[in-house]
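The values are calculated or read from the model by the stated rules, or taken from the named source; none is laboratory data. Everything quoted here is computed from the prediction, not taken from an experiment. Virtual Cβ from ideal backbone geometry, glycine too; neighbours counted across all protein chains shown.
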Amino acid sequence: MVILAFRAVRTILGVFVIAILASYIAPSAGLAQSDVATGETRTIVGEKYTPTIWIDPDGCEHWVMDDGIEGYMTPHVSRDGIPVCRRAEICGVMNTDQFFATNRYAISAGGAQRLREFFSNATAESFLIIGHTDNRASDKYNLRLSQKRANAVAQVARSTGVRVAEIKGYGERQPKASNATASGQAQNRRVEIICLQ
């Protein structure tokens, strides 16, 4: 008798859990859903979420899953359980005027050779490549250009066999100097290489 009652409760709980999961999953899958108040059926299309890994400037690798849970990638923790992240420091800043033509993201042959020498001699475990621009074009254009330039540098880095942990383009959003002067704009047109030790 007790076993039958336990099985009945387990079955009811299982159906309840499945119903909750279905109501949670159905909207994100773009399935039809009925509105209880009006009796109308509507289709809700959710956006696809991709689990992600990123690295903070402090060298900590993070992950996030589609349910919003985040964590650290490092297995190294202090006695208090705090992640011990890798040391990160800017080990190279490329003035993009010396490596790229205006509004272009193809690296000159001489620039590519200098980058290969840099990455071949570097002792870091991995690198972050971060592109920046001045403010002379639209934000959208600058984001795209800085990302493409960072990708070009990362491609040269990978060709030497080093690990590139992350590539980002910030456009004009993180200026190093004022964009009010030509010299400030020139300082802002850069690709930063961050070494992770």
| Any hit, region 161-183, residues being polar (S, T, N, Q) and buried (at least 18 other Cβ atoms within 10 Å of the Cβ) | no
| Selected residue (criterion: nearest to residue 180 (Cα to Cα)) from residues of region 112-130 that are over 20 Å from the mean Cα position of the chain (by Cα) and among the polar types (S, T, N, Q) | 113
| task | Filter region 131-147 for residues that are surrounded by fewer than 24 Cβ atoms within 10 Å (Cβ to Cβ) and either of a type in the set (Val, Ile, Thr) or under 15 Å from the mean Cα position of the chain (by Cα) (or both) and give the result. | result | 143, 144, 147
| task | Can you work out which of the residues in region 97-141 that are polar (S, T, N, Q) and assigned to a helix (DSSP H, G or I) is farthest from residue 152 (Cα to Cα)? | result | 121
| query | Counting just the residues of region 79-94 that are modelled with pLDDT of 70 or more and of a type outside the set (A, V, I, L, M, F, W, C), which one comes out nearest to the chain's Cα centre (by Cα)? | reply | 89
| Is one or more of the residues making up region 168-182 in contact with a helix residue (DSSP H, G or I) (Cβ under 6 Å, 6 or more places away or on another chain), in the same structural domain as residue 112 (by TED's automatic domain parsing), closer than 13 Å to residue 96 by Cα and not in a strand (DSSP E or B)? | yes
| Checking residue 97 against (1) modelled with pLDDT under 85; (2) in contact with a His (Cβ under 7 Å, 6 or more places away or on another chain), the condition it does not meet | (2)
